[in-house]
1. Could you check, for the stretch 55-62, whether at least one of its residues is of a type in the set (G, A, S) and outside any loop (DSSP other than H, G, I, E, B)?
2. Given the residues A335, A292, A270, A322, which is the only one that is touching an Asp or Glu at 6+ places or on another chain (Cβ under 9 Å) and modelled with pLDDT under 90?
3. I need every pair where a residue in the stretch 301-320 that is surrounded by 18 or more Cβ atoms within 10 Å (Cβ to Cβ) has its Cβ under 9 Å from the Cβ of a residue that is assigned to a loop (DSSP other than H, G, I, E, B), sequence separation at least 6 or different chains.
4. Output the residues belonging to the stretch 85-112 that are assigned to a loop (DSSP other than H, G, I, E, B) and β-branched (V, I, T).
5. Please specify each residue of the stretch 1-34 satisfying the condition of being in a loop (DSSP other than H, G, I, E, B) and touching a Ser or Thr at 6+ places or on another chain (Cβ under 7 Å).
6. So Q277 ticks every box in (1) at pLDDT below 95; (2) assigned to a loop (DSSP other than H, G, I, E, B); (3) on the phi < 0 side of the Ramachandran plot but one. Which box is left unticked?
7. Just for the stretch 167-213: of the residues that are polar (S, T, N, Q) and closer than 20 Å to C37 by Cβ, which one is modelled with the highest pLDDT?
8. Restricting the search to the stretch 280-297, which residues are surrounded by 16 or more Cβ atoms within 10 Å (Cβ to Cβ), of a type outside the set (F, W, Y) and assigned to a helix (DSSP H, G or I)?
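The values are calculated or read from the model by the stated rules, or taken from the named source; none is laboratory data. Everything numeric here is computed off the predicted structure, so don't read it as measured data. Virtual Cβ from ideal backbone geometry, glycine too; neighbours counted across all protein chains shown.
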Amino acid sequence: MRIGPHAFTGDLLLAPMAGVSERPFRLLALELGAALCPTELVSAAGLVRATSRTRKYLRHAEIERPFCLQLFGGDPDLMARAAVIAREAGADILDVNMGCPVPKVTKGGAGAALLCDPPRAAAVVRAVRAAGLPVTAKIRSGWDARHPNAIEVARALEDAGVAAIALHPRTRAQGYSGAADWERIAAVKAAVRVPVIGNGDVRSGEDARRMRAETGCDAVMIGRAALGNPWIFREASGGPPPSPEERRALVARHFRDHLAFVAEEGFRSAIPAAVRQFRKHLTWYARGLAGAAVFRARAVRIEDPAELLATIDEFFGKSQPARETGEPEIDLRGALG
């Protein structure tokens, strides 16, 4: 697959997820087989206003190149200005979010709201392209079941010069409920010439292989299934699942890297908050493991980083899948919904 001048040897991408796709997690996904890991959605207005909260999303490592930054906004002029800022901050690819269903995004005409106005969606792509970088877009099937216009939107974006299109085949009204209709991915792939990236209901490596076979998509984007399981990228390429020791080492490393990432901002007082923020990752990493409920109940009360790291080493160092012990597994795939 190519996106502009950038060629990729792999065909697995990490989906941009708010509060998750920070640099530490992106680096883990890349190490385990993801070919590209976009940032979480970044406000174009926030970039233009140069808010400290938004600017932190621009931090990346050289190993991430090509570095892909996802922007959201509904005003072409504002998106054009944000695109220039992103380019100057080191972005190599700009992705436009046209699928976020959250009301605080759509009420401003951004995210999935752009699906309701294909000409404006195309204008946004043209405006962002003016920064001189390849532009991709992530879309949904449509606003609701009465308006399934993914093909119309995809063709408008192709005419505007988009370099690739990622499709999550649920409508905005569905959110993350119901089933992703993979037939729509195949339909969009047949309707445009640019690369099409499939997304939605890829919960295992086998699902990724099946999506490629059934839809003909050029690449597969994995989102919620990677939460607590970044090894899914390796498994989708035929690799093995993690051993208990590998899982323990990676969770501990992710926690340490997360703390260091927060400390880079220069606010040591933010470390307790960083510990609390990481708890969601621990919930996902513990999913399906024996004793997960007891571990979570203990971990959510810990504020000290050293104590939490010791608890991580203790639990994950001897963790086994719950199905091997008779304990029920807990499905947390909708945790971001």
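1. No; the residues of the stretch 55-62 include none that is of a type in the set (G, A, S) and outside any loop (DSSP other than H, G, I, E, B).
2. It is A322.
3. Once the first residue is surrounded by 18 or more Cβ atoms within 10 Å (Cβ to Cβ) and sits in the stretch 301-320, its partners that are assigned to a loop (DSSP other than H, G, I, E, B) give L308/I302; F315/G291; S319/A290; S319/G291.
4. Result: V102, single match.
5. In the first step, residues of the stretch 1-34 are kept if they are in a loop (DSSP other than H, G, I, E, B); the result is 1, 4-5, 8-11, 15-22, 32-34.
If the condition is that a residue be in a loop (DSSP other than H, G, I, E, B) and touching a Ser or Thr at 6+ places or on another chain (Cβ under 7 Å), then P16, S21, G33 are the ones that fit.
6. All conditions pass for Q277, except number (2).
7. Filtering first and then ranking leaves N199.
8. Listed by number, the residues that qualify are K280, H281, L282, T283, A286, A292, R296.
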